[in-house]
Amino acid sequence: DTAVSQTPKYLVTQMGNDKSIKCEQNLGHDTMYWYKQDSKKFLKIMFSYNNKELIINETVPNRFSPKSPDKAHLNLHINSLELGDSAVYFCASSQGGGRASRETQYFGPGTRLLVL
Amino acid sequence: GDSVTQMEGPVTLSEEAFLTINCTYTATGYPSLFWYVQYPGEGLQLLLKATKADDKGSNKGFEATYRKETTSFHLEKGSVQVSDSAVYFCALSKTGTASKLTFGTGTRLQVTL
């Protein structure tokens, strides 16, 4: 009965490859997010979708492309992987339109990406 | 822009010691404030939150009070346990066209017997 799940949990790949990370939530939430946590544990928002509509797109290279086939899923595709993409990527979800500050975000377990 | 500043870690305490992790923020308007905890190898879990000035969030013996006059949201616990060892993140969120969490850098807490 995992609330927010991500696959894979670990991803090791070569520079230049293309990879995808999948996220699913079974909480019935309307809004989903991708965050990146770097090697120093710093967390930063990348994208947010509300009912399949992109509502946040921070300064992220075009190589990163989120896709939301339905409101329960938000996948992250990364083209031409670079060494600097190595990080932990967290998916999260929240109820409502993603516009109210008091909404709690529920996080997945993270995907640890290592680019060699 | 909005930002959150947390005390540098790691913080090392003996079991049953008193814990304070400082957090201050810079933001326009009236943000909501959160503490999230990340146990080793896991994702983030909400620990507590406060949505307006003078609100106190509490959970599992942890407390934090939203102080608008000092723009602070310090985390406290009266008696820590070894199981509290984790990284603690202070964060804020604002109402707007899109809500996002702005995190501090995290503070690692290590509790020893």
Discussion item. So, B:Leu113, is that one aliphatic (A, V, I, L, M) and buried (at least 19 other Cβ atoms within 10 Å of the Cβ) or not?
Written reply: no
Item to complete: Have a look at A:Lys71, A:Lys41, A:Lys52 and point out the one that is within 11 Å of chain B (Cβ to nearest Cβ) and either more than 13 Å from the chain's Cα centre (by Cα) or surrounded by fewer than 16 Cβ atoms within 10 Å (Cβ to Cβ) (or both).
Response: A:Lys41
Item to complete: Could you grab me the full set of residues in the range A:72-83 that are more than 27 Å from B:Ser99 (Cβ to Cβ) and in contact with a strand residue (DSSP E or B) (Cβ under 8 Å, 6 or more places away or on another chain)?
Response: A:Asn79, A:Leu81, A:Glu82, A:Leu83
Fill in: Residue in the range B:14-24 that is farther than 27 Å from A:Val4 by Cα, touching a residue at least 60 places away in the same chain (Cβ under 8 Å) and acidic (Asp, Glu) present
yes
Item to complete: Specify the residue that is nearest to the other protein chains (Cβ to nearest Cβ); the eligible residues are those in the range B:15-34 that are in a loop (DSSP other than H, G, I, E, B) and modelled with pLDDT of 95 or more.
Response: B:Asn22
Item to complete: List every residue pair whose Cβ atoms lie under 6 Å apart, where the two residues are 6 or more positions apart in sequence or sit on different chains, the first residue falls within the range B:35-64 and is surrounded by 13 or more Cβ atoms within 10 Å (Cβ to Cβ) and modelled with pLDDT of 95 or more, and the second residue, located anywhere, is hydrophobic (A, V, I, L, M, F, W, C) and not in a strand (DSSP E or B).
Response: B:Ala64/B:Phe73
Fill in: Selection within the range B:61-110 - in a loop (DSSP other than H, G, I, E, B) and touching a helix residue (DSSP H, G or I) at 6+ places or on another chain (Cβ under 9 Å)
B:Gly61
Discussion item. Which pairs turn up if I take residues in the range A:27-51 that are under 16 Å from B:Gln6 (Cβ atoms) and look for partners that are of a type in the set (Phe, Trp, Tyr) and in a strand (DSSP E or B) with beta carbon separation below 6 Å, at least 6 apart in sequence or on another chain?
Written reply: A:Leu43/A:Tyr35; A:Leu43/B:Phe103
Fill in: Count of residues meeting criterion [within 15 Å of the chain's Cα centre (by Cα), within 27 Å of A:Glu53 (Cβ to Cβ) and of a type in the set (D, E, K, R)] in the range A:1-29
3
Worksheet item: Which condition breaks for B:Gly78 when tested against (1) within 14 Å of chain A (Cβ to nearest Cβ); (2) of a type in the set (Gly, Ala, Ser); (3) on the phi < 0 side of the Ramachandran plot?
Response: (1)
Worksheet item: Can you name every residue in the range B:35-58 that is within 12 Å of chain A (Cβ to nearest Cβ) and either under 11 Å from the mean Cα position of the chain (by Cα) or in a strand (DSSP E or B) (or both)?
Response: B:Trp35, B:Tyr36, B:Val37, B:Gln38, B:Leu44, B:Gln45, B:Leu46, B:Leu47, B:Leu48, B:Lys49, B:Ala50, B:Gly57
Item to complete: Please specify each residue of the range B:16-31 satisfying the condition of being within 12 Å of the chain's Cα centre (by Cα) and of a type in the set (Ser, Thr, Tyr).
Response: B:Thr20, B:Thr24, B:Tyr25
Discussion item. For the range A:9-29, check the following and say yes or no: at least one residue is surrounded by fewer than 13 Cβ atoms within 10 Å (Cβ to Cβ), within 14 Å of A:Gly110 (Cα to Cα), out of contact with any Gly (no Cβ under 9 Å at 6 or more places or on another chain) and at pLDDT below 90.
Written reply: no
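The values are calculated or read from the model by the stated rules, or taken from the named source; none is laboratory data. As the structure is a computational prediction, the values presented were derived from the model and not from experiment. All Cβ positions, glycine included, derive from the backbone under ideal geometry; neighbour counts span all protein chains shown.
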